[in-house]
Amino acid sequence: MKSFRIIFTLAAISILAVTAAQGQATRTWVSHNGNDANPCTVTSPCLTFQGAYAKTPAGGEIDVLDAGDFGPVTITNSITIDGGNQLATISVGTINEGIYVDAPAGSLVTLRNLSIRSAGAGIGVYIYGQGVTVHIEHCVVSGFSFVGVFVVGGGSAINFYLDDSIIRDNEFGVYLASDVTANISNSHLLGNSHYGLGVIDSGVNLTMTNSEVSGNRTGAYISNSTTPSSTASIANSVVANNTVGVDAEGAEAAVTLSNVSLFNNTTAGYSILNGGVVTSFRNNANTGTGTPTNSTTLR
């Protein structure tokens with residue numbers, strides 16, 4: 001009996017050791033003085049996100065030990081990249097994207113505490129995978145010559161969440177194109193030279209709450225003329241100091257505003273073209289020109 005207990009105890013210890021090792025393997029680390037030849041452990045970290053990604057299993061997490069620039073990364077499966085308290089940097093030179101996501105349906109990608117900035121590249125975060133869910137949390141995306149965050153579905157909707165983030169000084173801030181369900185909250189889309197927010201093409205459903213869209217040429221542009229419709233609901237937000245605050249264009253483009261402050265948009269608070277619809281719940285402040293096509297009493 002004693003021998004059996006000893007064997008059982010040794011077997012249990014072995015199983016726990018293997019389990020612990022597997023648990024550790026799901027988390028990798030980067031440092032500004034790391035090396036991508038390292039195993040990416042906390043004591044022997046990698047140098048770049050791409051190097052760590054290659055050694056992180058699907059569903060794992062890459063964390064940052066200290067402040068640094070950890071380079072662009074391509075993502076093809078579930079992963080969390082967390083800059084921690086460092087707000088880790090991804091500087092992008094002449095390549096096309098800072099972060100490119102093309103993961104299979106059902107994948108979950110979380111990008112957190114990152115500063116993604118351009119020295120001339122086109123797109124900060126490019127999300128393309130069909131059926132993927134992507135969370136961007138507490139990030140800054142700035143200076144891109146095309147789009148800060150570009151989300152493109154195609155047949156199988158992308159679920160996209162942007163929370164507590166700043167998208168600024170790009171040509172387009174956030175661009176949602178075809179088959180995207182998006183939720184933007186507690187975020188700031190600022191100083192983008194074209195749209196702060198663009199909802200383009202069919203099948204996009206957006207909810208924006210507690211956010212600011214300011215200093216862009218057009219604050220929020222929702223454009224679609226083909227089915228399925230694209231809709232945007234903006235609530236408890238500020239759309240200010242743009243040339244046009246909210247622009248709805250096309251017979252399948254519909255915008256609903258509730259408790260939105262449209263201040264100092266120099267050409268129009270609202271612009272409605274080619275059958276677009278803006279529905280106001282009458283608790284919106286509009287100091288620019290333009291009138292919604294219909295109104296519904298606050299409920």
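With respect to being surrounded by 13 or more Cβ atoms within 10 Å (Cβ to Cβ), of a type outside the set (Ser, Thr, Tyr), at pLDDT below 95 and under 30 Å from Val92 (Cβ atoms), Ala25 fits the description. Does region 104-116 contain at least one residue that is at pLDDT 95 or above, over 14 Å from the mean Cα position of the chain (by Cα) and buried (at least 19 other Cβ atoms within 10 Å of the Cβ)? Yes, some residue in region 104-116 is at pLDDT 95 or above, over 14 Å from the mean Cα position of the chain (by Cα) and buried (at least 19 other Cβ atoms within 10 Å of the Cβ). Among the residues of region 216-229, those identified as of a type outside the set (Lys, Arg) and either more than 20 Å from the chain's Cα centre (by Cα) or in a strand (DSSP E or B) (or both) are Thr218, Gly219, Ala220, Tyr221, Ile222, Ser223, Asn224, Ser225, Thr226, Thr227, Pro228, Ser229.
Figure legend. Inter-residue proximity from region 91-115: first residues on the phi > 0 side of the Ramachandran plot, second residues acidic (Asp, Glu), beta-carbon distance below 7 Å, spacing 6+ or different chains. Indicated pairs: Asn113/Asp82.
Regarding region 170-189, can at least one residue be identified that is among the aliphatic types (A, V, I, L, M), part of a strand (DSSP E or B), in contact with a strand residue (DSSP E or B) (Cβ under 7 Å, 6 or more places away or on another chain) and closer than 18 Å to Val260 by Cα? There is at least one residue in region 170-189 that is among the aliphatic types (A, V, I, L, M), part of a strand (DSSP E or B), in contact with a strand residue (DSSP E or B) (Cβ under 7 Å, 6 or more places away or on another chain) and closer than 18 Å to Val260 by Cα.
Evaluating Gly153 against the criteria (1) at pLDDT 95 or above; (2) under 21 Å from Ala232 (Cβ atoms); (3) surrounded by 18 or more Cβ atoms within 10 Å (Cβ to Cβ) leaves one unmet condition, (1). Taking (1) surrounded by fewer than 19 Cβ atoms within 10 Å (Cβ to Cβ); (2) modelled with pLDDT of 90 or more; (3) at positive phi in turn, Ala235 satisfies each apart from (3). Please find, within region 81-103, the residue that is nearest to Phe160 (Cα to Cα) out of those that are surrounded by fewer than 18 Cβ atoms within 10 Å (Cβ to Cβ) and of a type in the set (S, T, N, Q). Of everything passing the filter in region 81-103, Asn96 is nearest to Phe160 (Cα to Cα). When Gly122 is tested against (1) more than 19 Å from Thr207 (Cβ to Cβ); (2) modelled with pLDDT of 95 or more; (3) touching a Ser or Thr at 6+ places or on another chain (Cβ under 7 Å); (4) not acidic (Asp, Glu), just one condition goes unmet, and that condition is (2).
Residues Ile116, Ile90: which one is under 21 Å from Ala177 (Cβ atoms) and part of a strand (DSSP E or B)?
When all the criteria are applied, what remains is Ile116.
Scanning region 138-166 for residues being part of a strand (DSSP E or B), among the hydrophobic types (A, V, I, L, M, F, W, C) and without any contact (Cβ under 8 Å) to a residue 40 or more places away in the chain gives a total of 9. Only one of the numbered conditions (1) buried (at least 20 other Cβ atoms within 10 Å of the Cβ); (2) at pLDDT below 95 is violated by Ile136, and that is (2).
The set of residues in region 67-78 being surrounded by fewer than 17 Cβ atoms within 10 Å (Cβ to Cβ), in a loop (DSSP other than H, G, I, E, B) and either at pLDDT 95 or above or of a type in the set (Ser, Thr, Tyr) (or both) consists of Thr76 alone.
The values are calculated or read from the model by the stated rules, or taken from the named source; none is laboratory data. The structure presented is a predicted model; accordingly, all values stated were derived computationally and were not measured. Using ideal geometry, Cβ is built from the backbone for each residue, glycine included, and neighbour counts are taken over all protein chains shown.
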